[in-house]
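Chemist: Here it is, the structure, as structure tokens.
The values are calculated or read from the model by the stated rules, or taken from the named source; none is laboratory data. Remember, it's a predicted structure, so these values are computed and weren't measured experimentally. Reconstructed Cβ throughout: ideal geometry from the backbone, glycine too, with neighbour counts over all protein chains shown.
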Amino acid sequence: MRRLPLEGIRVLDATHFWAGPSATGILGDLGAQVVKVESIQRYDAGRTLQVDLSQEKGYERAPAFQAFNRNKLGVTLNLGDERGVRAFRALARVSDLVMENFSAGVMDRLGVGYQALRRENPTLVMISMSGYGATGPWRSYVAFATPIAQVSGIAHLTGYQGGPPLSRFSASGVDPIVGLFGAMAALVALHQRRRTGRGFYLDFSQHEAIVSLMGTPLMDYVLNGRNQARQGDRNPVAAPHGCYPSRGEDRWVSIAVFNDDQWERLCHALENPEWCRDRRFADAVGRHRHQDDLDQHITRWTSQRDAQETARLLQEAGVPASPVRNCREVLDDSHLEAREFFLEMDHPVAGRHRQPRHPVLYSKTQPPPPRPAPLLGEHNQAILSGLLGLSRETLEELEQDQVIGTVPLRTKV
Amino acid sequence: MFPEKGEEQPLSGARVLEVGNYIAGPFCTKLLADFGAEVIKVEHPGRGDLARHAGPFPDDLPDPETSGLFLYLNAGKKSITLDLSTPSGARYFRELACRADAVVESLRPGVMARWGLDYPSLSTGRPGLSSSNPRLVMASVTDFGQTGPYRNYPASHLTQCALAGWAWYAGEPQRPPLQAGGHFTHYLVGAVAAMGMLAALYHQAETDEGQFLDIGGLEALVSVIAPAVTASAMGSDNPGRQGNAFPGTVECQDGYVGINALSYGHWVSVCRLLGLEELLDDPRFDSSFGRQRHGQKLVEQARPWLMARTKEQVFQEGQEHRIPTAYVNTPEDLVRSPHLDARHYFRQVEHPRLGHVKVPGPPFRLDASRPQPVASAPRLGEHTAAVLEAEFGLDRDDLRRLRAEGVI
């Protein structure tokens, strides 16, 4: 029988929005049992993003919620009620890991902070994924994805030459990247717990995780006192290097030439037009110095052609090139198709759709076909009775008093 | 020498061989080294890792032993040189792999196979690395993975931003799509590989079972835009390039800040903070769509207020009102950040040529109160003799012979 890396590990998931749920989503892919805790008073705000909430059960339809919460079990617990807190603590007793991304102090105030949970379970690992960490002058500051992109250096480096910094660098922002590091933190913590048998608290700062991706510009400042600036699509050593207009409305092809070999291949693929023999373009330094002129020649060539075809022609010649694609085109990619990158999901409310799979292919522990994201409170009975042993009468009473439930008390959070 | 770690670390005792180059592969093993793994970097004799030649260098003077990028990515690792294309180089590597827990390689697909150093050796019929060490975990980190129609395509940060559905969404509507700043995508692919390695090493610790991990960079980059891709799959279009649309970044006295009024509650706080309460009665700003569409009006009216303040002041005053303001940190700001300093984020390495150098720390720490000491990045082949002596009992004559043959 197949065994997944985290089989037998239970994760109590108190995260919400995108960063936290994408972290625990990865742990679910790796075989952990993830128990997602929301409440009918306040459901995961990730259920409200990119979706029309006025639809029937709109809160079950949000795309990112579907993508990040597959394989999880859904429980609702009102942590404003003592009985909800008791149930949460009881879950902590039978869990290996608790993850949360509330503002600093919220878990403590609710009575489910690390000190309270440790009393229940000394081998428990708890990870708080706050914006700026639990110590330092910014510890209590509010942060979301956009501020983290601004504070961590990406925004400063993304933008046109001479233009303002741009916070948006991809279709989805930093949250899922933070989530990747959150999953990594959980794995490191589980390694450590396996070794020592002891639980602990891990203070995870979203800001630090993203700053760790800024190696070159940070080291340039450390060594040379130089503050690197935005360079649009250019590169300090490569030319031509950019997104070039192609045939059609808002179509572009990206081309990156780093060395003489690639340059010769490019010229050959273009059938050696006269300007390719321009002596100014004979070496990398010259091409870089005269890249404005070079770009004009390239643009004249690319704008007559389909971006996809240009990219294929250049790729087959050994030149890095690719069409600039939107998400719809990414979904139709033949390579990703060949690598079975998209999971076919069938959700009772959100319907059939595709979503990206776990990014790593494992020869022995590849995740089995996933279950779709849980409906609000879908597994209340399975978890609260099945796992915690609460009686049917207790569940009825809890439902009566709105400590648990499956219907949100209001549609907006 | 390698610093003594006071306490056992999560990966203490794990030995990882790295045949990495530039950023993705080395960043993966750097993360494993951050948490206690012994990483032996196997470099090509003479040339070494591309990151040694990429800089930044002090005063921009190229020198393979002073690259800042190499220092950041390889601090705390060991370096040995082995020409893996020679039979004896490949043999030593295979024997090292028998005594290792993991191998991370980021060469083009098929290159390790050509040398008989792939996981199960498909090409040569010789035993692959796994047949002599079944508990070995091996990861291949490439742009497109080991299979599929693009597997042999070259790629770069820019072309991957374009292909993965990133660039389309960055920049202004009438101007070219933009690559993400820095070498962001390379780091991300390395981070995905590290996540996979940590999972596979956990599995190895529990079951003694090894396995092969195929990491394709394009997949790593698409997986972190899952919200937008899934939205497209469910039929809703993501807005394309919007430039610096509100809430974007806005200029203040000494740089740029983000005001980031994301919810209506933030909007109310922003209007109060800026003394623009009259906008609260303006119906155009009632919805988040409206605020985005007309946000430029707020920015214009707020200009005098913003230009009278530094980014630090805007940040602090906004946070006092619980608005998720942020300032756009430059590399300088980050290196000098009082917050990161209070959290001991950066660490010092003692470099034999450069002296004390500040390098970014790990992305998270198990014990944030105590910065982990770290050794400098290795000189090319610094540990060749020590490792080959300790592992295979080679003496000076053997080493001299291997050197003469160009193997090390």
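Chemist: Quick one: what pairs do we get from the stretch A:230-251, first residue in a strand (DSSP E or B), second of a type in the set (K, R), C-beta under 9 Å, 6+ apart or different chains?
Modeler: Between residues of the stretch A:230-251 that are in a strand (DSSP E or B) and residues that are of a type in the set (K, R), the close pairs are A:H241/A:R234; A:G242/A:R234; A:P245/A:R251.
Chemist: Return the total of residues in the stretch A:1-52 being β-branched (V, I, T) and outside any strand (DSSP E or B).
Modeler: Here the count works out to 7.
Chemist: While we're here: Quickly run through the stretch A:63-90 and pick out the residues that are more than 16 Å from A:G179 (Cβ to Cβ) and either within 14 Å of chain B (Cβ to nearest Cβ) or assigned to a loop (DSSP other than H, G, I, E, B) (or both).
Modeler: A:L77, A:N78, A:L79, A:G80, A:D81
Chemist: Test A:C276 against the criterion of being without any contact (Cβ under 8 Å) to a residue 24 or more places away in the chain, within 19 Å of B:A155 (Cα to Cα), not in a loop (DSSP other than H, G, I, E, B) and not assigned by TED's automatic domain parsing to the domain that holds A:S170, and give yes or no.
Modeler: no
Chemist: While we're here: Could you count how many residues in the stretch B:177-220 are in contact with a strand residue (DSSP E or B) (Cβ under 8 Å, 6 or more places away or on another chain) and more than 30 Å from A:G159 (Cα to Cα)?
Modeler: Selection size over the stretch B:177-220: 12.
Chemist: So, in the stretch B:341-358, of the ones that are facing chain A (nearest Cβ under 7 Å) and not in a loop (DSSP other than H, G, I, E, B), which residue ends up nearest to the chain's Cα centre (by Cα)?
Modeler: Once the filter is applied, the top-ranked residue is B:K358.
Chemist: Follow-up. From the list B:Y169, B:Y153, B:Y119, which one is free of Cβ contacts under 8 Å to residues at least 40 places away in the same chain and either within 14 Å of chain A (Cβ to nearest Cβ) or surrounded by fewer than 19 Cβ atoms within 10 Å (Cβ to Cβ) (or both)?
Modeler: When all the criteria are applied, what remains is B:Y153.
Chemist: A further question on this structure: When you scan the stretch B:243-259, how many residues do you find that are facing another protein chain (nearest Cβ under 7 Å), over 20 Å from B:D333 (Cα atoms) and either charged (D, E, K, R) or out of contact with any Leu (no Cβ under 8 Å at 6 or more places or on another chain) (or both)?
Modeler: 0
Chemist: Working carefully through the options B:R15, B:R52, B:R47, find the one that is basic (K, R) and free of Cβ contacts under 8 Å to residues at least 24 places away in the same chain.
Modeler: None of the others qualify; the one that does is B:R47.
Chemist: Could you grab me the full set of residues in the stretch A:224-252 that are facing chain B (nearest Cβ under 8 Å) and in contact with a Lys or Arg (Cβ under 8 Å, 6 or more places away or on another chain)?
Modeler: Of everything in the stretch A:224-252, those that are facing chain B (nearest Cβ under 8 Å) and in contact with a Lys or Arg (Cβ under 8 Å, 6 or more places away or on another chain) turn out to be A:H241, A:G242, A:P245.
Chemist: Would you be able to say whether some residue in the stretch B:19-37 is in a loop (DSSP other than H, G, I, E, B), within 21 Å of the chain's Cα centre (by Cα) and closer than 26 Å to B:E405 by Cβ?
Modeler: yes
Chemist: While we're looking at this one, here's another question. Is there a residue being more than 8 Å from chain B (Cβ to nearest Cβ), touching a helix residue (DSSP H, G or I) at 6+ places or on another chain (Cβ under 6 Å), surrounded by 24 or more Cβ atoms within 10 Å (Cβ to Cβ) and not hydroxyl-bearing (S, T, Y) anywhere in the stretch A:150-172?
Modeler: no
Chemist: Return only the number of the condition from (1) at the interface with chain B (Cβ under 7 Å from one of its Cβ atoms); (2) crowded, with 23+ Cβ neighbours inside 10 Å; (3) in contact with a Ser or Thr (Cβ under 6 Å, 6 or more places away or on another chain) that A:G215 does not satisfy.
Modeler: (3)
Chemist: Now a separate question. Assuming A:G111 fulfils every condition listed in (1) part of a loop (DSSP other than H, G, I, E, B); (2) facing chain B (nearest Cβ under 7 Å); (3) free of Cβ contacts under 8 Å to residues at least 40 places away in the same chain; (4) not polar (S, T, N, Q) apart from one, which condition is it?
Modeler: That leaves (2) as the condition not met.
Chemist: So A:A186 clears everything in (1) within 8 Å of chain B (Cβ to nearest Cβ); (2) crowded, with 24+ Cβ neighbours inside 10 Å; (3) more than 23 Å from B:G243 (Cα to Cα) except one condition, right? Which one?
Modeler: It is condition (1) that A:A186 fails.
Chemist: Just need a number here: residues in the stretch A:188-211 that are without any contact (Cβ under 8 Å) to a residue 24 or more places away in the chain and under 30 Å from B:P324 (Cβ atoms).
Modeler: Going through the stretch A:188-211 one residue at a time, the tally reaches 1.
Chemist: Taking B:G76, is it on the phi > 0 side of the Ramachandran plot, touching a helix residue (DSSP H, G or I) at 6+ places or on another chain (Cβ under 8 Å) and touching a residue at least 24 places away in the same chain (Cβ under 8 Å)?
Modeler: So B:G76 fits the description; yes.
Chemist: Which ones in the stretch A:106-164 are of a type in the set (K, R) and under 24 Å from the mean Cα position of the chain (by Cα)?
Modeler: A:R139 - this is the single residue of the stretch A:106-164 that is of a type in the set (K, R) and under 24 Å from the mean Cα position of the chain (by Cα).
Chemist: Against the condition surrounded by fewer than 24 Cβ atoms within 10 Å (Cβ to Cβ) and touching a Ser or Thr at 6+ places or on another chain (Cβ under 6 Å), how does A:A116 come out, does it pass?
Modeler: Spelling it out, it is not the case that A:A116 is surrounded by fewer than 24 Cβ atoms within 10 Å (Cβ to Cβ) and touching a Ser or Thr at 6+ places or on another chain (Cβ under 6 Å).
Chemist: With respect to the numbered conditions (1) over 25 Å from A:I148 (Cβ atoms); (2) surrounded by 14 or more Cβ atoms within 10 Å (Cβ to Cβ); (3) of a type in the set (A, V, I, L, M); (4) over 30 Å from the mean Cα position of the chain (by Cα), which one is the sole condition not fulfilled by B:A233?
Modeler: It is condition (4) that B:A233 fails.
Chemist: Tell me, which helices (runs of 4 or more DSSP H) lie completely within the stretch A:288-394 with 3 or more residues that are among the hydrophobic types (A, V, I, L, M, F, W, C) and crowded, with 21+ Cβ neighbours inside 10 Å?
Modeler: Output list reads A:307-316, A:327-331.
Chemist: Answer yes or no: is there a residue in the stretch A:191-203 that is among the charged types (D, E, K, R), in a helix (DSSP H, G or I), within 7 Å of chain B (Cβ to nearest Cβ) and under 21 Å from B:P58 (Cα atoms).
Modeler: The answer is no; no qualifying residue exists.
Chemist: Follow-up. Check the stretch A:388-397 and report whether any residue there is in contact (Cβ under 8 Å) with a residue 12 or more places away in the chain and charged (D, E, K, R).
Modeler: So far as the stretch A:388-397 goes, no, none of its residues is in contact (Cβ under 8 Å) with a residue 12 or more places away in the chain and charged (D, E, K, R).
Chemist: Here is a follow-up. Name the residues in the stretch B:366-402 that are closer than 23 Å to B:F70 by Cβ and of a type in the set (D, E, K, R), would you?
Modeler: Across the stretch B:366-402, the qualifying residues are B:R379, B:E382.
Chemist: Quick check on the stretch A:162-173. Is at least one of its residues touching a Gly at 6+ places or on another chain (Cβ under 8 Å), polar (S, T, N, Q), assigned to a helix (DSSP H, G or I) and at negative phi?
Modeler: No, every residue in the stretch A:162-173 fails to be touching a Gly at 6+ places or on another chain (Cβ under 8 Å), polar (S, T, N, Q), assigned to a helix (DSSP H, G or I) and at negative phi.
Chemist: Related question: Quick one: which strands (runs of 3 or more DSSP E) sit completely within the stretch B:208-320 and have at least 1 residues that are without any contact (Cβ under 8 Å) to a residue 60 or more places away in the chain and under 22 Å from A:S170 (Cα atoms)?
Modeler: Of the strands (runs of 3 or more DSSP E) lying wholly inside the stretch B:208-320, those with at least 1 residues that are without any contact (Cβ under 8 Å) to a residue 60 or more places away in the chain and under 22 Å from A:S170 (Cα atoms) span B:249-252.
Chemist: Answer yes if at least one residue in the stretch A:332-355 is at pLDDT 95 or above and more than 25 Å from the chain's Cα centre (by Cα), and no otherwise.
Modeler: No: zero hits.
Chemist: Among (1) touching a Leu at 6+ places or on another chain (Cβ under 9 Å); (2) within 7 Å of another protein chain (Cβ to nearest Cβ); (3) under 18 Å from B:W168 (Cβ atoms), which single condition is A:D333 missing?
Modeler: (2)
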